[in-house]
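Heads up, the thing below is written out as structure tokens.
The values are calculated or read from the model by the stated rules, or taken from the named source; none is laboratory data. Note that the coordinates shown come from a computational prediction; the quantities given were computed from them, not determined experimentally. Here Cβ is always computed from backbone atoms with ideal geometry, including for glycine, and neighbour counts include all displayed protein chains. The accessibility values were calculated without ligands, DNA or RNA, using every heavy atom of the protein model including side chains. Shrake-Rupley method; radii C 1.70, N 1.55, O 1.52, S 1.80 Å.
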Amino acid sequence: EGDPADRIGHDVFETVVPDDRPRARAAFQRILEAPDEIGTALVRVRDRTGGMRTMEIRARNRLSDPIVEGVIVNARDVTETVEALRRLEVSEQRYRSLFQYNPDAVVSFSRTGRFTSVNAAVEGITGYTPAELLGRSYAPLMAPDRLAEAEARFRRALEGEPQNYDSALVHKNGARVELNVTKFPIVVKGRGRGVFAVGKDVTEM
């Protein structure tokens with residue numbers, strides 16, 4: 001921002017936030033020691049308003065070039081990209097926590113009804129380990145009198161219609177487990193790619 005001429009004669013590292021200066025200086029030193037090599041780094045800088053921006057720096061050592069006799073640096077503002085990735089990481093962490101530590105069974109299915117992910121609670125409800133379920137169809141686990149409805153509800157969820165209903169499966173030990181099931185579609189670029197399902201054991205209820 002502002003007149004580039006205002007920066008002439010200033011230390012290039014002045015605008016780099018203090019925490020990033022050692023890393024920035026180290027990257028610059030590596031460039032000085034590698035003629036004609038290109039180096040990259042991400043550094044945070046302060047703009048004229050005091051705001052912080054993240055810059056992608058690409059530098060090339062041209063000290064041996066009689067015309068340049070210096071280091072060529074290109075800087076690209078990637079603040080929005082970095083922030084979007086940070087938000088995505090946070091959302092993924094929240095999703096993983098919700099998935100892994102949920103006391104209810106949380107699973108995902110392919111379009112053909114095969115398990116593609118299961119959380120730890122599934123084993124307690126079904127008796128099967130994740131390794132025994134992944135890639136397997138849900139159909140053999142269902143109580144025979146609930147299979148037709150489960151398949152119909154799966155198709156509706158795959159088509160984009162969330163489902164909530166009571167069902168039942170057969171535990172690995174042969175016991176019947178009553179469930180309350182919620183199913184909703186996995187949509188990627190407008191197309192149903194599979195189904196998420198949450199199953200709550202309501203046998204005692």
Right, residue 118: in contact (Cβ under 8 Å) with a residue 12 or more places away in the chain and open to solvent by less than 40 Å² (accessible area, probe 1.4 Å) or not?
yes
Residue 81 vs. criteria in a helix (DSSP H, G or I), of a type in the set (Val, Ile, Thr) and open to solvent by 80 Å² or more (accessible area, probe 1.4 Å):
yes
Residues of the stretch 163-191 satisfying the condition of being surrounded by fewer than 15 Cβ atoms within 10 Å (Cβ to Cβ) and farther than 26 Å from residue 204 by Cβ
187, 188, 189, 190, 191
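Which of the residues belonging to the stretch 60-72 are surrounded by 12 or more Cβ atoms within 10 Å (Cβ to Cβ) and either within 20 Å of residue 19 (Cβ to Cβ) or not aliphatic (A, V, I, L, M) (or both)? Let's see the steps before the verdict.
Of the stretch 60-72, the ones surrounded by 12 or more Cβ atoms within 10 Å (Cβ to Cβ) are 60-63, 65, 68, 71-72.
Answer for the stretch 60-72, where residues must be surrounded by 12 or more Cβ atoms within 10 Å (Cβ to Cβ) and either within 20 Å of residue 19 (Cβ to Cβ) or not aliphatic (A, V, I, L, M) (or both): 60, 61, 62, 65.
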Name the residue that is nearest to residue 26 (Cα to Cα), counting only residues in the stretch 46-59 that are surrounded by 15 or more Cβ atoms within 10 Å (Cβ to Cβ) and of a type in the set (Val, Ile, Thr).
57
Could you list, in sequence order, the residues of the stretch 141-156 that are out of contact with any Leu (no Cβ under 9 Å at 6 or more places or on another chain) and surrounded by fewer than 19 Cβ atoms within 10 Å (Cβ to Cβ)?
144, 145, 147, 148, 149, 151, 152, 155, 156
I'm told residue 122 meets every condition in (1) part of a strand (DSSP E or B); (2) closer than 23 Å to residue 203 by Cβ; (3) of a type in the set (Val, Ile, Thr) except one. Can you identify the failing condition by its number?
(1)
Could you go through the stretch 41-55 and let me know if any residue there is within 17 Å of residue 22 (Cα to Cα) and out of contact with any helix residue (DSSP H, G or I) (no Cβ under 6 Å at 6 or more places or on another chain).
yes
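Which one is modelled with the lowest pLDDT, of the residues in the stretch 4-21 that are aliphatic (A, V, I, L, M) and open to solvent by 80 Å² or more (accessible area, probe 1.4 Å)? Outline the logic, then answer.
Let us first name the residues in the stretch 4-21 that are aliphatic (A, V, I, L, M), namely 5, 8, 12, 16-17.
Then drop every residue that is not open to solvent by 80 Å² or more (accessible area, probe 1.4 Å), which leaves 8, 12.
Details: 8: 63, 12: 71.
This residue is 8.
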Checked against (1) among the β-branched types (Val, Ile, Thr); (2) open to solvent by less than 30 Å² (accessible area, probe 1.4 Å); (3) touching a helix residue (DSSP H, G or I) at 6+ places or on another chain (Cβ under 7 Å), residue 129 satisfies every condition except (2)
